[in-house]
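To keep things clear, I will list the structure first and then write my remarks on it.
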Amino acid sequence: MTPGNEDELAQLIRGANGPLRITGGGTRPIGQADGEALTTRGLSGISLYEPGALTLVAGAGTPLAEIEAALAAENQRLAFEPMDHRTLLGTDGTPTLGGMVAANASGPRRISVGACRDFMLGVRFVDGAGNIVKNGGRVMKNVTGYDLVKLLTGSYGTLGVVTEVALKVMPDVETTGTLTISGLSDSDAVAALAAALGSPFEVTGAAHLPKSPDGTPQTLVRIEGFETSVRYRSERLKEVLTPFGDVTADVGGDTARWQAIRDVTALAQQDGDVWRISAKPSEAPEIVARADAKAVQYDWGGGLIWLLCEAGRDLRAALGTYDGHATLIRGSADVPTFQPEAPALAKITAGLRAKFDPRGILNPGIMT
């Protein structure tokens, strides 16, 4: 089913006799959801773009490439750097605005600017009863009552089908600088990233590859802005990082490496299950040691860990108790895709789903 507008979508949901599997561009088949496919690809197009107000409104089925092209023409961007899952998951299709919102997709820059959720201004969606709901608007801090905008972001289509999104966008930067240290152990790398993030030099990327494309460990720190500022901050940041090893600085728009980190290409096109771990950065090296993974990537200064593990393995059992959660992004393990919730939180989640989707027809089971 491919509704062409919001009213058609509402009618389809009201008339549904069974579960619906909500999809956008088909690039993120994360989690197991049964039911008849309902895609938002027909709800496409930018309806409002005001560069001076840093505001964009578009349909949920709008390809992200179309949005990014419109922003680039005005020297603007989506600051939170949404991940493209196609390489990692081996999928085709076209990433869409609604899919980005449903997954709260955010990249390396989240450590400095926040996640997709933090740039959401307003949302329109159809709930599981077929009601059209609007929340938020086109300016910041205009929400009264419940902030459904943030609630819907990252809900994977289980509370409602997003039809339109209003976003805050940001100016693009003049240049990018990347500082690299080679050969660090995981624990030393996390310490170096913590030092960089604790500095006043506005780090916008902090990653570590235990095995980079050339086979050596590489610890990467990114800064962005006007070229003069980036060059100055690169030199000052080298002073912070020098105690950890030899530091090289590359100023001039090294975007390819950070795109690869954003899209986790280091774990792509290899057999095995892919896990996404959120954890305290200080605990990350110990978690990785317990995981016994085939390939690893640290992001967000160690707060986000990507692991490629043996297929079918219950990684959560191997990791034991820690302050964080694990999501099975790609794999065959017979375990829930998302981390099981604590009883109190699970009760709240069930209550929300019962309110927004009383028949339980929207992506049932995908997050449980």
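The values are calculated or read from the model by the stated rules, or taken from the named source; none is laboratory data. For clarity, every value in this text was computed on a predicted model and none was experimentally measured. Don't worry about glycine lacking a Cβ; one is built from the backbone with ideal geometry, like all the others, and counts go over all protein chains shown.
Remarks
- Residue in the range 307-314 that is under 22 Å from P82 (Cα atoms) and either surrounded by 18 or more Cβ atoms within 10 Å (Cβ to Cβ) or more than 16 Å from the chain's Cα centre (by Cα) (or both) present: yes
- Q297 vs. criteria in contact with a Phe, Trp or Tyr (Cβ under 7 Å, 6 or more places away or on another chain) and under 30 Å from A196 (Cα atoms): yes
- Qualifying positions in the range 333-362 - part of a helix (DSSP H, G or I) and β-branched (V, I, T): I348, T349
- Residue in the range 63-84 that is within 30 Å of L193 (Cα to Cα), of a type in the set (S, T, N, Q) and at pLDDT 95 or above present: yes
- Flag for G24 being out of contact with any Leu (no Cβ under 9 Å at 6 or more places or on another chain) and of a type outside the set (S, T, Y): no
- In this structure, D323 does not qualify as buried (at least 20 other Cβ atoms within 10 Å of the Cβ) and among the charged types (D, E, K, R).
- Matching residues in the range 293-307 - criterion: being on the phi > 0 side of the Ramachandran plot and either in contact with a His (Cβ under 8 Å, 6 or more places away or on another chain) or assigned to a loop (DSSP other than H, G, I, E, B) (or both): G302
- Residue in the range 51-65 that is part of a helix (DSSP H, G or I), in the same structural domain as G136 (by TED's automatic domain parsing) and under 24 Å from W258 (Cβ atoms) present: yes
- Scan the range 12-49 for residues that are among the aliphatic types (A, V, I, L, M), in a strand (DSSP E or B) and out of contact with any Phe, Trp or Tyr (no Cβ under 9 Å at 6 or more places or on another chain) and the total you get is 5.
- Flag if G160 is over 23 Å from the mean Cα position of the chain (by Cα), at pLDDT below 95, assigned by TED's automatic domain parsing to the domain that holds T62 and crowded, with 23+ Cβ neighbours inside 10 Å: no
- Qualifying positions in the range 52-80 - small (G, A, S), under 18 Å from the mean Cα position of the chain (by Cα), surrounded by 19 or more Cβ atoms within 10 Å (Cβ to Cβ) and under 11 Å from L97 (Cα atoms): A60, G61
- The range 242-292, residues that are touching a strand residue (DSSP E or B) at 6+ places or on another chain (Cβ under 8 Å), in a helix (DSSP H, G or I) and over 27 Å from D172 (Cα atoms): F244, L267, E283, A284, I287, V288, A291
- Set T327, T255: member being under 21 Å from the mean Cα position of the chain (by Cα), under 22 Å from M100 (Cβ atoms) and at pLDDT below 90: T255
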